Amino acid sequence: MLTLFTINTCKSFGCRNLGLPISASADYSWPDYRLGYPALHCRACGSYPPLFDEQQFNDWLSAHLSAYASENGRFCPECYCNKTICYGHNPRGTQRVQCRVCRKVWTPKQQKQRKIIPPERIETVSLIVPFQGSSAEQKLYVLLSFDATFGNILHISTNFTQHFIGETLRYRWRGRIEPDLHHSDIVNRVDLRETQFLRRSQFDEIQYGSAVLKRNARGAILRPVIAAHGHFRVLSILFPKVKVHVISHECFLRGAVITVWADLFRQRQAELWFIEEEINDSDSNIPWNFQGITQHGWWQGQWQLWAQKKNRKMVCSLTGGDSNNAETLSLTASRHFIHWLYQQTNFTRSAQLSAGRVTQLICDLAHDYNEKREIKGTDCGSQK
């Protein structure tokens with residue numbers, strides 16, 4: 001069984017150590033407390049990514065991946081290989097699956113499987129959703145990933161887990177939420193967001209609100225950065241060769257994506273983009289007009305500003321991608337789904353449900369959303 005998933009590694013694009021584990025580079029020294037928290041110092045590029053308890057992370061991620069694979073059958077729950085074959089049926093008629101690599105045989109709980117076409121571009125955003133915990137209005141951190149071209153949902157995660165976790169993986173609310181910046185001017189919002197990252201105890205330690213489960217409730221709430229690494233690990237097993245990633249403006253999403261697909265980024269075969277949007281007319285289809293470049297944050301990242309009548313967006317290449325692609329990049333797929341999601345009565349009552357039930361509800365609604373898009377696409381095709 002594959003047991004080691006790298007999380008303690010250099011996450012700097014262009015560094016020769018990008019994605020390499022501690023054991024693979026003499027350039028690393030640890031722990032380093034120069035920034036006020038235990039960090040891994042990469043002497044090759046000078047970066048200080050935060051250190052994690054890798055054993056606790058591996059224990060949780062192994063359980064998480066095995067449970068996901070056992071549920072849907074898209075990859076092996078033992079070795080996580082995505083090369084599988086149908087392997088007969090059980091006496092009850094349910095389909096069995098076998099891994100082509102380790103030969104494990106199992107029966108997925110989900111027997112009806114949609115065929116997934118590998119996306120050319122993955123779009124990922126976060127969403128905060130209320131749930132009923134120790135008190136009302138506790139909050140879940142949700143990650144949503146889409147095929148950016150066709151709009152269907154590829155994977156959904158929350159930071160609720162049913163599996164045992166070590167204490168270093170647990171989310172701890174310290175009573176001070178980061179300000180909501182959605183009403184700021186888009187250029188100012190990007191600048192303020194970068195300032196928020198610097199004010200955190202460490203870059204990936206987001207404080208998004210209270211998330212305490214009911215007393216004696218099963219499960220736990222993960223730090224969002226841990227949930228992100230688990231989320232993208234699933235996607236990388238399903239789609240190992242995806243070369244373009246678009247994410248909402250959150251620094252630890254960047255770190256998780258670039259770690260999970262590190263081989264492609266180290267070989268400069270993949271692109272990663274931040275996007276911030278201000279959409280006031282979602283029906284507009286006129287061309288976007290380039291407005292200029294501004295620099296923001298500790299790393300002085302170059303953000304392109306684009307306008308489309310009442311709409312504006314800012315786009316930042318994190319890995320030296322082709323700047324000519326910026327005009328076509330957006331968060332359209334996620335906007336459409338989130339708009340639809342808030343129209344579903346069950347979802348608007350999430351604050352009355354437990355964290356586990358909210359997680360399942362969002363996954364069920366995502367399945368419905370994909371099915372409706374598929375049916376609509378089939379109907380459109382039959383009318384042509």
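Quick one: what do you get for segment 253-312 if you divide its Cα Rg by 2.2 N^0.38 Å? Before the final figure, lay out the partial values.
Details: Rg = 15.0 Å, N = 60, 2.2 N^0.38 = 10.4 Å.
It is 1.44.
Calculate the tail of P(r) for segment 232-275: the fraction of all Cα-Cα distances greater than 13 Å, expressed in %. Don't skip to the end; give the middle numbers.
On the way: 462 of 946 pairs.
Value for segment 232-275: 49 percent of Cα pairs lie more than 13 Å apart.
Report, in deg cm²/dmol and to the nearest 500, the calculated mean residue ellipticity at 222 nm for the chain, where each DSSP H run with n ≥ 4 adds -39500 (n - 2.57) and the sum is divided by the residue count. Working shown, then result.
Details: 8 runs with 106 residues, N = 384.
Only helices count here, giving -9000 deg cm²/dmol.
Return the sequence-ordered ³J(HN,Hα) values of segment 308-320 in whole Hz as given by the Karplus equation 6.51 cos²θ - 1.76 cosθ + 1.60 applied to θ = phi - 60°, using x for Gly and Pro.
Result, rounded to whole Hz: 9, 6, 7, 9, 9, 9, 10, 10, 10, 7, 9, 9, x.
Under a Cβ-only charge scheme (Lys and Arg +1, Asp and Glu -1), can you give me the dipole magnitude of the chain about the Cα centre, in debye to the nearest 20? Show your work: numbers first, answer last.
Numbers: 46 positive and 34 negative charges, 225 e Å.
I would put it at about 1080 debye.
So, with a 1.4 angstrom probe, what is the percent of accessible area on the chain that is carbon and sulfur? Each step should come with its number before you reach the end.
Working: 9450 of 19350 Å².
That share works out to 49 percent.
Using alpha carbons only, what's the Rg to Rh ratio of segment 163-232 with Rh from Kirkwood? Please report the intermediate quantities before stating the final value.
Values: Rg = 14.5 Å, Rh = 13.9 Å.
Rounded to two decimals, Rg/Rh equals 1.04.
Just to be sure I follow: if Rg is taken over the C-alpha atoms of segment 53-148 and Rh is the Kirkwood radius over the same atoms, what is Rg/Rh? Mind showing how you got there, number by number?
Numbers: Rg = 17.1 Å, Rh = 16.1 Å.
On the Cα set of segment 53-148, Rg over Rh gives 1.07.
With all protein chains present, calculate the accessible area of Ser134 using a 1.4 Å probe and round the result to the nearest 10 Å².
Probe radius 1.4 Å; accessible area of Ser134 about 70 Å².
What does the convex hull of the Cα atoms come to per residue for the chain, in Å³? Please report the intermediate quantities before stating the final value.
Working: hull volume 63.6 nm³, N = 384.
Per-residue hull volume (Cα only) is 166 Å³.
Over the Cα atoms of segment 127-210, what Rg and Dmax result, in angstrom?
15.3, 42
Using DSSP, restrict attention to beta bridges with both residues in the chain and report what percent are antiparallel, rounded to the nearest 5.
Approximately 85 percent, going by the DSSP bridge assignments.
So, in nm, how far is label Ser23 from label Lys310 when the simple model puts each one 7 Å beyond its Cα toward the Cβ?
5.8
Among the listed pairs Lys11/Lys214; Lys241/Lys376; Lys104/Lys214; Lys214/Lys243; Lys115/Lys309; Lys214/Lys376, which have their C-alpha atoms separated by more than 31 angstrom in this model? Write down the numbers at each step before the final one.
On the way: Lys11/Lys214 36 Å; Lys241/Lys376 28 Å; Lys104/Lys214 38 Å; Lys214/Lys243 41 Å; Lys115/Lys309 38 Å; Lys214/Lys376 40 Å.
Correct reply: Lys11/Lys214; Lys104/Lys214; Lys214/Lys243; Lys115/Lys309; Lys214/Lys376.
Cα centroid distance between segment 252-306 and segment 122-137, in Å?
Their Cα centres are 24 Å away from one another.
In nanometres, what is the gap between the two model label sites at Asp281 and Gln196, each 7 Å from Cα along Cα-to-Cβ?
2.8
Taking the mean number of other Cβ atoms within 10 Å as a proxy for protection, how do you rank 59-67, 211-219 from highest to lowest?
59-67, 211-219
Quick one: the Cα spread of segment 1-73 along its three principal axes, in angstroms, biggest first?
Here the Cα extents, ordered largest to smallest, are 42, 25, 18 Å.
From the phi of every residue in segment 212-217, what ³J(HN,Hα) in whole Hz does the Karplus formula 6.51 cos²θ - 1.76 cosθ + 1.60 yield, where θ is phi - 60° and glycine or proline is x?
For segment 212-217, the Karplus-derived couplings read 9, 6, 4, 4, 6, 6 Hz, x marking Gly and Pro.
For Leu329, which sequence-distant residues (separation of 5 or more, or a different chain) have an amide H within less than 5 Å of its own amide H, given hydrogens modelled in the peptide plane?
Correct list: empty.
Binning at 5 Å from 0, report for segment 111-256 what percent of all alpha-carbon pair distances ends up in each bin.
P(r) over segment 111-256, rounded to whole percents: 2, 8, 17, 20, 18, 16, 11, 6, 2, 0.
Under a point spin-label approximation (7 Å from Cα along Cα-to-Cβ), what is the Arg43-Lys109 distance to one decimal in nm?
4.9
Full extension from Asp263 to Glu178: what is 0.36 nm times the residue separation minus their Cα-Cα distance, to one decimal in nm? Kindly include the intermediate steps, with their values, before the conclusion.
Details: separation 85, 0.36 × 85 = 30.60 nm, distance 3.34 nm.
Extra length available between Asp263 and Glu178 comes to 27.3 nm.
Only sites in a loop by DSSP and with at most 14 other Cβ atoms within 10 Å count here; which trypsin sites (Lys or Arg not before Pro) in segment 1-67 make the cut? It would help to have the intermediate numbers written out before the result.
On the way: sites: Lys11, Arg16, Arg34, Arg43; in loops: Lys11, Arg16, Arg34, Arg43.
Hits after loop and neighbour filter: Arg16, Arg34, Arg43.
Rank Arg172, Arg189 by accessible area, highest first, at a 1.4 Å probe radius?
Listed by decreasing accessible area, they come as Arg172, Arg189.
Taking a ≥ b ≥ c as the square roots of the eigenvalues of the Cα gyration tensor of segment 227-333, is the shape rounded (a/c under 1.5), prolate (a/b larger than b/c) or oblate? Write down the numbers at each step before the final one.
Numbers: a/c = 2.01, a/b = 1.66, b/c = 1.21.
Prolate.
The values are calculated or read from the model by the stated rules, or taken from the named source; none is laboratory data. It should be emphasised that the depicted structure is a prediction, and the values quoted were computed from it without experimental measurement. Cβ atoms come from the backbone with ideal geometry, glycine included; neighbour counts cover every protein chain shown. Side chains included, ligands, DNA and RNA excluded: accessible areas come from the protein's heavy atoms. Shrake-Rupley method; radii C 1.70, N 1.55, O 1.52, S 1.80 Å.
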